[in-house]
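The values are calculated or read from the model by the stated rules, or taken from the named source; none is laboratory data. Quick caveat, the model's predicted, so the values are computed rather than measured. Using ideal geometry, Cβ is built from the backbone for each residue, glycine included, and neighbour counts are taken over all protein chains shown.
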Amino acid sequence: MLNIEEIIEIADNQVFEHQGQHLNDLQRAILEGTLQGRTYADIAKEHQHSEKYIKDSASKLWKSLSQAVGKKVNKFNVKSTLGKCSFSSTNIFKGIQINSGNIFKESAPSSENDEIIHKQEQITSHLDLKDAPEIGDFYGRKVELSLLQQKILQGKCNLITLLGIKGIGKTALALKLVDHIKESFEFVIYKSLKSLPSLTQLITEIIYLNNQLIPDNSPHQLSQFKKAIEKHSYLIIIDDVNYIFSKHQVSGKYQPGYEEYGNLFKLLSTTKHRSCLIINSSEEIRELSKPQNDHSHVFTLELLGLDDDGVNILKKFGLKNEENYRKLLNIYQGTPQYLQIIGYLIQELFAGDTNKFLQLDQPFLDIELTAFLEQSLDILPASEVELLDFIASQKGSVLLSELENSYQVYEPIVSSIQSLKRRFLLSTQQINAEVSLEISSLIRKFYHKLDPRLL
């Protein structure tokens, strides 16, 4: 008898055979939950979606499976129906190595299956998004998508840097952009630096090099990478660059052993080639922070919060009193991750009533949002924490001249201001002959929670 994991793989193969794409994470979760006998309400709660959203997603999944296997599939017969597909599915896909650089196949029983395997070979030899997160629903960013498409396809831009606070949607935008432009490139690859790969490991995984690892600190690794992106057209996302920066240090300082990444970024900023690299970071990258002219092959985009499209995040939770959506959007600055957390909180603990939630002192930081902010703020050095704490203790913005009067040693404060700006945790604004410093209301509230005396 097939186990749940085997049935899910059969479903994935059948959908890929029919549609050319794999099941996403949510579809797998719905299928697994259904096979375990769980309700849509249970699945919705675990994955922080409304029950209606899970039902709609499940309906689309059953429809896709029905089209793929040629029989009607629903939550009651999915196990038995897919079980009958097990033989043909495992034979067709047996022997295919995904994302290894070497695709091979066994003899298939028919010419139709030959075509399926050939299609798989074409896609997997060019597309390596196995490490990319599932972005789920995508909201807004039409202007940004259009601009980036123009820069890459018409402007022949070789290097795109997407910057902004954690949770603003850099990864989602990059992956959505891939959907629009991937046909213009021979190879499409996603890599994250969360696991702290060495530069040698990253380059090896991208260009394969006949599956032979380059020795660490090889003087040839960057030249080999340069030759590859000049010879072929790669579309490469390098995500989470901020993870290779040191904690409790000024922004943009590399962790020991990761300084070679600076040479990679210098190379990319000075070299024109056939490829395009999209670099995502919640801190500015020093080698890429130089001013750019209009004809540069390098383009940097700082992402801000969503505008009216952000209300659609709240709508998916089925929250009451839609007239409050705009207020919530402004309070949480249109940041997609903040809105996801708050939308789920309102649905779960306030029965979807936005009026009740807004009676709390705003912005309200629940456990999840507090933990999320901690990920960005706990890495700061003491000097930057002290500065944010001081600004949070004041009402409104703070003039730079006030800091000069408040601190005996003024020079380190200038460095802290620069560093916080490069982390997008502080902004400056010139008012007449004065410069004011501002932090978001959420960061202010975070420090108020840490020190109630600031309230």
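Condition check ((1) out of contact with any Leu (no Cβ under 7 Å at 6 or more places or on another chain); (2) free of Cβ contacts under 8 Å to residues at least 40 places away in the same chain; (3) surrounded by 14 or more Cβ atoms within 10 Å (Cβ to Cβ); (4) within 20 Å of residue 427 (Cβ to Cβ)) across all residues:
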{"position": "290", "(1), (2), (3), (4)": "yes, yes, no, no"}
{"position": "304", "(1), (2), (3), (4)": "yes, no, yes, yes"}
{"position": "309", "(1), (2), (3), (4)": "yes, no, yes, no"}
{"position": "321", "(1), (2), (3), (4)": "yes, yes, yes, no"}
{"position": "328", "(1), (2), (3), (4)": "no, yes, yes, no"}
{"position": "331", "(1), (2), (3), (4)": "yes, no, yes, yes"}
{"position": "336", "(1), (2), (3), (4)": "no, no, yes, yes"}
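Can you say whether residue 214 is over 28 Å from the mean Cα position of the chain (by Cα), among the β-branched types (Val, Ile, Thr) and either at pLDDT below 90 or in a helix (DSSP H, G or I) (or both), as far as the supplied structure shows? Here the answer is yes, as residue 214 does meet what is asked.
Residue under question is residue 392, and the condition is that it be more than 26 Å from residue 244 (Cα to Cα) and in contact (Cβ under 8 Å) with a residue 60 or more places away in the chain; does it hold? Yes; evaluated as a whole, the condition is true for this residue.
Among residues of region 149-174 that are more than 16 Å from residue 279 (Cβ to Cβ), those with a beta-carbon under 7 Å from a residue that is of a type in the set (Phe, Trp, Tyr) and assigned to a helix (DSSP H, G or I) at least six positions away or on a different chain give the pairs 167/338; 167/372.
To keep it simple, each residue is scored yes or no on (1) assigned to a helix (DSSP H, G or I); (2) at pLDDT below 90; (3) under 27 Å from residue 253 (Cβ atoms).
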residue	(1), (2), (3)
153	yes, no, no
160	no, no, yes
190	no, no, yes
197	no, no, yes
218	no, yes, yes
235	no, no, no
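Within region 243-282, the set of residues being outside any loop (DSSP other than H, G, I, E, B), in contact (Cβ under 8 Å) with a residue 60 or more places away in the chain and under 20 Å from the mean Cα position of the chain (by Cα) comprises 276, 277, 278, 279, 280, 281. Could you list, in sequence order, all residues of region 6-41 that are aromatic (Phe, Trp, Tyr), closer than 19 Å to residue 127 by Cα and at pLDDT 85 or above? Answer for region 6-41, where residues must be aromatic (Phe, Trp, Tyr), closer than 19 Å to residue 127 by Cα and at pLDDT 85 or above: there is none.
Please verify whether residue 106 is under 16 Å from residue 17 (Cα atoms), modelled with pLDDT under 50 and not aliphatic (A, V, I, L, M), treating the condition exactly as stated. Here the answer is no, as residue 106 does not meet what is asked.
Here is the figure for region 363-379: residues that are in contact (Cβ under 8 Å) with a residue 60 or more places away in the chain and more than 12 Å from residue 446 (Cβ to Cβ) total 1.
Which one is nearest to the chain's Cα centre (by Cα), of the residues in region 146-187 that are aliphatic (A, V, I, L, M) and surrounded by fewer than 16 Cβ atoms within 10 Å (Cβ to Cβ)? Top of the filtered list is 147. Scanning region 28-43 turns up no residue that is touching a residue at least 12 places away in the same chain (Cβ under 8 Å), in a loop (DSSP other than H, G, I, E, B), closer than 29 Å to residue 352 by Cβ and touching a Leu at 6+ places or on another chain (Cβ under 8 Å). The selection criterion, being in contact with an Asp or Glu (Cβ under 8 Å, 6 or more places away or on another chain) and hydroxyl-bearing (Ser, Thr, Tyr), does not hold for residue 246. Of all residues in region 10-27, those being free of Cβ contacts under 8 Å to residues at least 24 places away in the same chain and part of a helix (DSSP H, G or I) number 1. None of 445, 421, 449 is surrounded by fewer than 18 Cβ atoms within 10 Å (Cβ to Cβ), in a helix (DSSP H, G or I) and at pLDDT 90 or above except 421. Once region 47-60 is narrowed to residues that are at pLDDT 85 or above and surrounded by fewer than 20 Cβ atoms within 10 Å (Cβ to Cβ), the residue that is farthest from residue 351 (Cα to Cα) is 60. Restricting the first member to region 116-143 and to residues that are of a type in the set (Ser, Thr, Tyr), and the second to residues that are in a helix (DSSP H, G or I) and at pLDDT 85 or above, the beta-carbon pairs closer than 6 Å and six or more apart or on different chains are 139/309; 139/312; 139/313.
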